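Here's the structure we're looking at; comments come further down.
What follows draws every value from the coordinates through simple rules; no lab data is involved. These figures come from a predicted structure and were not determined experimentally. When we count neighbours, we look across all protein chains shown, and the Cβ atoms used for this are built from the backbone with ideal geometry, even at glycine.
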Amino acid sequence: MIEIKEIRKSFGRLEVLKGFDFSLSEGKITAVLGPNGSGKTTLIKSILGLVIPSGGEIFFDGKPIYKDWEYRRRIGYLPQIAKFPENLKVKELFKLIEDIRGEKGNSEPLIERFSLDSFLNKKLRQLSGGTRQKVNIVLTFMFECPVYILDEPTTGLDPIALIRFKDLILERKEQGITFLVTTHIMNLVEELADELMFLLEGQVYFRGTHSEMKEAQQEENLERAIAKILEKEYAENS
């Protein structure tokens, strides 16, 4: 599905991705974890073609992605912060995205799932942060894609919306859909992710299941296992 070989990226003298291989397991939920500055966002933007790596190659279905944009139509992307014109109504935004993609999205079941009917005629500037995130989720999932990339997807969601969102992810996974998720919410990782990749200073520090991560760090809690890794790293570099 998505395969990365020796990906590197530098911004001036700052080396953000330091050369590693990575393949996304088809039909699985993979969580990419790491502290701020570890390279998570740069990795995602490289996969989406928004950042051009300094070295290495990225393949989608065995084909290099560079000089090709069509593959992006097969990736649903939920950014951490999505910005749209504030004067648009919610229903106008849905129509705008459909027009841009040139296809009709299946938004109605998602609008019902996240109780957005009463917000369709409201302008984006009138929405709370949590409601905006629900709108973003509908925009992402209204088009069927074999791969979804979710960047901190639960930001602002209330408990009911969070449960419905997790159910949506699991339903799509049962259909064979592949997910790449970045999050700081460890409960979400333990509940949903089949495997995790932990980035540290632009390199893969660990890849495996959350159970293997906890076992490697001799911790019963994933959050504590990650904190232990970071404490070791900070101690070695101080």
List every residue whose amide H lies under 5 Å from the amide H of Val181, counting only residues 5 or more places away in sequence or on a different chain, with H placed 1.01 Å from N in the peptide plane.
Thr30, Ala31, Val32, Leu150
Relative contact order [Cα under 8 Å, 6+ residues apart], the chain, whole percent
27
Between Ile137, Met213, Tyr148, whose Cα lies farthest towards the positive end of the dipole of the chain when Lys and Arg beta carbons carry +1 and Asp and Glu beta carbons carry -1, centred on the Cα centre?
Ile137
Suppose every Lys and Arg Cβ carries +1 and every Asp and Glu Cβ carries -1, with no other charges. What dipole size does the stretch 2-237 come out with about its Cα centre, to the nearest 20 debye?
1020
In the stretch 171-238, which GluC sites (Glu not before Pro) are in a loop and have at most 13 other Cβ atoms within 10 Å, using DSSP for the loop call?
Glu220
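With r defined as the distance between the Cβ atoms of Ser115 and Arg13 and R0 fixed at 35 Å, what FRET efficiency is calculated, to the nearest 0.05? Before the final figure, lay out each step's value.
On the way: r = 49 Å, r/R0 = 1.40.
E(calc), rounded to 0.05, equals 0.10.
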Relative exposure of Ile81, Ile44, judged by other C-beta atoms within 10 Å (fewest first)
Ile81, Ile44
Part-to-part distance (alpha-carbon centres) for the stretch 47-79 and the stretch 1-45, which is given in Å
12
Looking at the stretch 2-237, what % of its DSSP beta bridges pair antiparallel, to the nearest 5?
55
Return Ile52, Ile137, Ile185, Ile75 ranked ascending by Cβ neighbour count within 10 Å, so the fewest neighbours appear first.
Ile52, Ile185, Ile75, Ile137
Cut-off under 5 Å, modelled amide H: who pairs with Thr154 long-range:
none
For the chain, the longest site-free run once trypsin sites (Lys or Arg not before Pro) in DSSP loop states with at most 13 other Cβ atoms within 10 Å are removed
105-238
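Taking 45 Å as R0, compute the FRET efficiency from the Cβ-Cβ separation of Arg224 and Tyr66 and round it to 0.05. Don't jump to the answer; show the numbers that get you there.
Numbers: r = 41 Å, r/R0 = 0.90.
It comes out at approximately 0.65.
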Can you tell which of Tyr205, Tyr77, Tyr148 shows the greatest fluctuation in a Gaussian network model of the chain with Cα springs below 10 Å?
Tyr205
Which GluC sites (Glu not before Pro) in the stretch 31-111 sit in a loop by DSSP (not H, G, I, E or B) and have at most 14 other Cβ atoms within 10 Å of their own Cβ?
Glu86, Glu103
So, in nm, how far is label Leu96 from label Gln126 when the simple model puts each one 7 Å beyond its Cα toward the Cβ?
1.6
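Out of the chymotrypsin sites (Phe, Trp or Tyr not before Pro) in the stretch 1-74, which ones are loop residues according to DSSP with at most 14 other C-beta atoms within 10 Å?
Taking the stretch 1-74 and a limit of 14 other Cβ atoms within 10 Å, the loop chymotrypsin sites (Phe, Trp or Tyr not before Pro) found are Tyr66, Trp69.
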Starting from 0.36 nm per residue, how many nanometres of slack lie between Lys28 and Ile81 once their C-alpha separation is accounted for?
16.6 nm
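Would you mind ranking Phe179, Phe84 by Cβ crowding within 10 Å, fewest neighbours first?
Numbers: Phe179 24, Phe84 16.
Ranking Phe179, Phe84 by Cβ neighbours within 10 Å, fewest first, gives Phe84, Phe179.
On a full-extension model of 0.36 nm per residue, what is the gain between Ile163 and Glu144, subtracting their alpha-carbon distance, rounded to one decimal in nm?
On the way: separation 19, 0.36 × 19 = 6.84 nm, distance 2.07 nm.
That works out to 4.8 nm of additional length.
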